[in-house]
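Undergrad: Here it is: the structure, laid out below.
The values are calculated or read from the model by the stated rules, or taken from the named source; none is laboratory data. What you are looking at is a predicted structure, and each value in this text was computed from that prediction instead of being measured. Cβ sites come from the backbone with ideal geometry, for glycine too, and all protein chains shown count toward neighbours. All accessible areas refer to the heavy atoms of the entire protein, side chains included, with ligands and DNA or RNA removed. Shrake-Rupley method; radii C 1.70, N 1.55, O 1.52, S 1.80 Å.
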Amino acid sequence: KAANAGGVATSALEMQQNASRDSWSFEHTERRLADIMHSIHDRCLETADAYGSPGNYVAGANIAGFIQVADAMLALGVI
């Protein structure tokens with residue numbers, strides 16, 4: 001999931017760059033992607049710890065992903 005998130009994040013950065021009609025340097029883009037990936041890593045680790053599976057990145061990624069989707073559904077009034 002985290003590896004796939006890197007590809008999704010790269011696409012999102014590309015869309016942001018295109019929407020702003022800006023041109024980012026490789027270093028700027030790489031720094032932003034690194035920040036995103038560090039955030040994903042931290043979130044997976046913290047979520048796994050919070051739900052009783054310390055160090056289990058798979059559980060952390062699955063739980064964090066579920067929570068993010070559930071929160072979005074609640075915010076939109078879907079459930």
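Undergrad: Could you give the DSSP H helices of the chain that reach 20 angstrom or more along their long axis (alpha carbon positions) and whose average Kyte-Doolittle hydropathy is no lower than -0.5?
TA: Counting only whole DSSP H runs, the qualifying helices are 2-19, 57-75.
Undergrad: Right, another one. To the nearest 10 square angstrom, what accessible area does I40 show with a 1.4 Å probe?
TA: About 40 Å², ignoring ligands and nucleic acids.
Undergrad: Convex hull over the alpha-carbon atoms of the range 4-48: what's its volume per residue in Å³?
TA: Expressed per residue, the convex hull around the Cα atoms of the range 4-48 is 62 Å³.
Undergrad: Separate question: Compactness ratio of the chain: Cα Rg over 2.2 N^0.38 Å, N = residue count?
TA: Rg over 2.2 N^0.38 Å, computed on Cα atoms: 1.30.
Undergrad: Once you keep just the Cα pairs under 8 angstrom separated by 6 or more residues, what percentage relative contact order results for the range 1-63?
TA: Computed value for the range 1-63: 29 percent relative contact order.
Undergrad: Counting only other residues whose beta carbon sits under 15 Å from that of G6, what net charge do I get with K and R as +1, D and E as -1?
TA: Computed value for this residue: 0.
Undergrad: Rolling a 1.4 Å sphere over the protein heavy atoms, what is the accessible area per residue of the chain, to the nearest Å²?
TA: Spelled out: the 1.4 Å probe surface of the chain, per residue, equals 72 Å².
Undergrad: Summarise the accessible area of the chain (1.4 Å probe, protein heavy atoms) by the percent that is carbon and sulfur.
TA: Exposed carbon and sulfur together represent 60 percent of the surface.
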